[in-house]
Amino acid sequence: MSAKSIDSLRKIISHNLCNRCGSCVGLSGGSIAFRDKTGAYLPEILNEPNEELAAQILEACPGKDFNFKSYRESIYTNNPSFHVYTGPFERIGIGYATDESIRRTGASGGILSAILIWLLENKKIEGAVVTRMSETEPWLTEPFIAKTREEILEASQSKYIITSVNEILPEMQSFNGKLAYVGLPGQIQSIRKLQAMKHPSVQNIAYIFGPFYGNTLHFSSVNSFLKSYGEKDHTQIKKLYFRYGEWPGNMRVELKSGRVIELPKFHANYLIPFHILKNSLLCSDLSNEFTDISGGDAWAPQYEERGKGFSMIIARSAAGTEILNQMIADGSVFMQDIDVDEAITMHSHGYDLKKRGTFIRIRFRKMLRLPIPDYGYKIEGFSFSRYLMELVLLSLFILLGTRPARFIVELIPPSTIGKLFEKTRKAWKKSTYKIKRNQLTL
Ligand SMILES: Cc1cc2nc3c(=O)[nH]c(=O)nc-3n(C[C@H](O)[C@H](O)[C@H](O)COP(=O)(O)OP(=O)(O)OC[C@H]3O[C@@H](n4cnc5c(N)ncnc54)[C@H](O)[C@@H]3O)c2cc1C
């Protein structure tokens, strides 16, 4: 029995099913740790936990399974609308924080930070679990509990390198007061599992929020970015931003030498195929379907051209919808409602990646007899050409992830390769425009 849980965990870790949520580390009392955050960033089992603990960790691990349907039914008792792409929703809209300083600091419209600040200032929470760049190692991310407006803003903006928020489960457990929690889909899936287990580490969580999630990158992306500009030592980083400045923002590195390197976000996206965390490609959740409220970028020319920052907001639960309604009523948030079809069209390429691509990739893995995640649902009925496209994409990811490919791209100016990448993204968006109208089988 003892060997079984720990062996299952080992299998998850070694077969690419680990999304690095950090729960195993947080629950293990020191026997599991991330020791290589600038490398593979995989949990390492330092001492085998006893079977009881190993079984708990396994139950909380979202890598092997997370049943979307049963969790949806048990969490969203408010009878929300539902679409298999967006998940449950009561309201969907495009908006932003009306406080200019929050909007400017946030990744898109500053909605997630505005909600956290509003909850703090209205005494509905005492702290918020968020992720900032580390103070001691500013090239790495770190989760912490923010207790002031300033701390929430310090943690705003998207971090496109791996984060493991649930490492701080012990701190969440001992926190004296109500918490809001912000995390990526895999991190939230584990939190939902822990809630179902009635685990004390999540007892203080009152609200859950999260950004949309296309993919995340290994730390090698930062090293490669630096190398392209002739810099070799990431420990010389003083500040690292992924969405600096006016929306959609820039990847920006400030070095101890005083040198500043900046590249528009859309151009920095060229790093994705070279450094993507392969587990991102097994995640079927783009819009963070198990939150109270999710926030994404409002990707559409009419907003992108205007800059300033626009978010897509999805309120799902009764509690989330009430917060959003109150914030709109008191003027903290501006939002214009849109219908679900428009929301899907705006993220058509993202849904193509997550809701078509993921299930095709899972099928390929099954054919290769590799372990696969069980989400309790699958989407089928894709055309032969979509399978073919996935094969091409997968081959590209494999090829571009190799050392020689990374070496070659570091010789090309990032602005050149970045422009090429942006053109490709636009073409993909155009080709997936009709995604919502296609007949798919659930
Ligand atoms: C890895 C990643 C991939 C994304 N992919 C997409 C996408 O494909 N399409 C899309 O529309 N939007 C995507 N987003 C979301 C988008 O970048 C914005 O985060 C979202 O629009 C919310 O903006 P905001 O201004 O409301 O958030 P902010 O007010 O800036 O608040 C962001 C909150 O998220 C937390 N956070 C940031 N990064 C992480 C992280 N890596 N792990 C855990 N918590 C984090 C911060 O601590 C902060 O509390 C992604 C975000 C991330 C982090």
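Each peptide in 405-416, 342-353 was scored by the mean count of other Cβ atoms within 10 Å over its residues; highest first, the order is 342-353, 405-416.
Positive end of the dipole of the chain (Cβ unit charges, origin at the Cα centre): among 307, 224, 393, the Cα lying farthest that way belongs to 393. Proximity of backbone amide H atoms, modeled 1.01 Å from N, is registered between residue 208 and 181, 292, 293 at under 5 Å, excluding neighbours fewer than 5 places apart on the same chain.
The phi-based Karplus calculation (6.51 cos²θ - 1.76 cosθ + 1.60; θ = phi - 60°) puts the 3J(HN,Hα) values of segment 275-285 at 9, 4, 6, 4, 4, 4, 7, 9, 8, 9, 10 Hz, whole numbers, x for Gly and Pro.
Dividing the mean sequence gap of close Cα pairs (under 8 Å, 6+ apart) by how many residues segment 136-191 holds gives a relative contact order of 37 percent. A crude spin-label estimate for the pair residue 101 and residue 403, with each label 7 Å from Cα along the Cβ direction, gives 4.9 nm. In a DSSP loop and with at most 13 other Cβ atoms within 10 Å, there are no chymotrypsin sites (Phe, Trp or Tyr not before Pro) in segment 223-316. The heavy atoms of residue 392 offer some 90 square angstrom of accessible surface to a 1.4 angstrom probe. Close amide H contacts of residue 309 (hydrogens built in the peptide plane, cut-off under 5 Å, sequence separation of 5 or more or a different chain): 247.
Could you give the distance between the Cα centres of segment 220-258 and segment 341-406, to the whole Å? About 30 Å separates the Cα centre of segment 220-258 from the one of segment 341-406. Among the trypsin sites (Lys or Arg not before Pro) found in segment 196-286, those both in a DSSP coil and sparsely packed, with 15 or fewer other Cβ atoms within 10 Å of their Cβ, are 198, 232, 256, 259.
Note on segment 22-85: Cα-Cα pairs beyond 15 Å make up 63% of the total pair count. The dipole here belongs to the chain: it is taken about the Cα centre, uses +1 on the Cβ of Lys and Arg and -1 on the Cβ of Asp and Glu, and is about 1520 debye. Annotation: per residue accessible area for the chain equals 43 Å², rounded to a whole number [probe 1.4 Å, protein chains only]. Ignoring lysines fewer than eight residues from residue 366 along the same chain, the ones with Cα atoms less than 29 angstrom from its Cα are 4, 11, 64, 69, 193, 278, 354, 355, 378, 429, 434, 436. Taking every alpha-carbon pair under 8 Å whose residues sit at least 6 apart, segment 226-300 reaches a relative contact order of 17 percent.
Near the amide H of residue 161, within less than 5 Å, lie the amide hydrogens of 217, all on another chain or at least 5 residues away, with H placed in the peptide plane. For segment 35-114, state which trypsin sites (Lys or Arg not before Pro) are in a DSSP loop and have at most 12 other beta carbons lying within 10 Å of their beta carbon. Those satisfying the criteria are 35. Relative contact order, whole percent, for the chain stands at 20, derived from Cα pairs under 8 Å and 6 or more residues apart.
Backbone geometry of segment 241-258 corresponds, through the Karplus equation with coefficients 6.51, -1.76 and 1.60 at θ = phi - 60°, to 3J(HN,Hα) couplings of 10, 10, 9, 6, x, 5, 3, x, x, 10, 7, 9, 10, 9, 9, 4, 5, x Hz, x marking Gly and Pro. When the solvent-accessible area of segment 2-60 is split by element, carbon and sulfur atoms take up 47 percent of it, the probe being 1.4 Å.
Computed with a 1.4 Å probe over protein heavy atoms only, the accessible area of residue 149 comes to about 70 Å².
Excluding same-chain neighbours fewer than eight residues apart, the lysines reachable from residue 227 by a Cα-Cα span under 21 Å are 37, 159, 238, 239, 256, 265, 419. Between the listed residues 97, 245, 384, the Cα displaced farthest toward the positive end of the dipole of segment 67-442, a dipole computed from Cβ unit charges relative to the Cα centre, is found at 384.
The values are calculated or read from the model by the stated rules, or taken from the named source; none is laboratory data. Just so it is clear, the model here is predicted, and its values are computed rather than measured. Every residue, glycine as well, gets a Cβ built from its backbone with ideal geometry; the counts of neighbours run over all protein chains shown. These area figures cover heavy atoms from the full protein model, side chains too; ligands, DNA and RNA do not enter into them. Shrake-Rupley method; radii C 1.70, N 1.55, O 1.52, S 1.80 Å.
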